[in-house]
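The structure appears below as C-alpha cells.
Read-outs throughout are calculated quantities, based only on the coordinates presented, and are distinct from any laboratory measurement. Treat the numbers as computed from the prediction; the structure is a model and nothing was measured. A quick note on method: Cβ atoms are made from the backbone with ideal geometry, for glycine too, and the neighbour counts reach across all protein chains shown.
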Amino acid sequence: MNPTTNLTTLAGIDFTAPADEVARRLIGVVVLVDGIGGRIVETEAYDREDPASHAFSGPTERNMAMFGPPAHAYVYRSYGIHWCLNFVCREEGHGAGVLIRAIEPLAGLETMRARRDAQDAVQLCSGPGKLCQALDVTRAFNGRSLAQPPFLLEAAAPGLEVVAGPRIGISKAMDVPWRFGLAGSRFVSRPFK
C-alpha cells in the first residue's frame with residue numbers, strides 16, 4: 001500500500017463523514033474478504049449520540065474499535081451467537097459505525113454455501129450473522145483496516161436507488177430511519193416497507 005494513499009477514503013466513500021451518510025453510500029459497494037463476498041445491499045448507521053449505539057455510553061474493551069480510526073472493522077458478537085461486521089466512520093475518538101446487514105453474494109458462492117450449509121443464494125448473506133459466517137469474519141478481524149487484505153472494497157455502480165427505514169432488532173431510537181437498502185433487492189434481511 002502506498003503510504004500517501006488516503007486511508008479514510010475507500011471505494012469513493014469518505015469514512016470520516018457521518019454514519020448515516022456512510023451507510024447510504026455503502027449500498028452497492030462490493031466487499032470481499034479473502035476474495036469472497038458481494039455487493040452490499042443493506043446497512044444500518046450508529047453514532048455515539050444515538051442511544052441504540054454500542055458507543056453511546058463511551059469506550060469499553062468490547063467497543064474500542066468503534067472509537068478507532070475510520071475505515072476499520074468493528075466486529076462484535078450479537079446475543080453471544082453471531083459475529084457482526086461494522087465499518088468505523090467519523091473521526092478517531094468519536095465512536096460511530098455502519099453495520100453491514102446484508103450482501104448479494106457474487107464471489108466464492110461455493111465456499112459460502114459450505115460455510116453456511118445453505119444452497120439458496122438468498123439465504124447466504126441476508127443478515128449480519130449469516131454474512132459473517134459466509135465470509136468467515138470473526139473477532140480476529142476487529143480493528144483491521146478496510147484498506148488492506150483480507151478486505152477489498154470496490155466502488156458502487158452509479159445511479160443505484162437507495163431506500164431507507166427504521167433499524168431492526170433494537171429497543172431504543174427505533175424510529176430513526178438509519179437502515180438503508182438497495183431498492184428491490186431480494187438479498188436484504190427483511191423487506192423495506
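Worth pointing out:
- Residue check for G181: surrounded by 23 or more Cβ atoms within 10 Å (Cβ to Cβ) and out of contact with any helix residue (DSSP H, G or I) (no Cβ under 9 Å at 6 or more places or on another chain): yes
- Among (1) in contact with a Ser or Thr (Cβ under 9 Å, 6 or more places away or on another chain); (2) without any contact (Cβ under 8 Å) to a residue 12 or more places away in the chain, the one test that A147 misses: (2)
- Here V163 clears all of (1) touching a Gly at 6+ places or on another chain (Cβ under 8 Å); (2) crowded, with 18+ Cβ neighbours inside 10 Å; (3) closer than 17 Å to G35 by Cα except the condition numbered (3).
- Only one entry of A71, A65 meets the criterion of being on the phi > 0 side of the Ramachandran plot, touching a strand residue (DSSP E or B) at 6+ places or on another chain (Cβ under 6 Å) and surrounded by 15 or more Cβ atoms within 10 Å (Cβ to Cβ), and that entry is A71.
- Taken together, R144, R190 contain a single residue that is closer than 25 Å to H72 by Cβ and of a type outside the set (V, I, T), which is R144.
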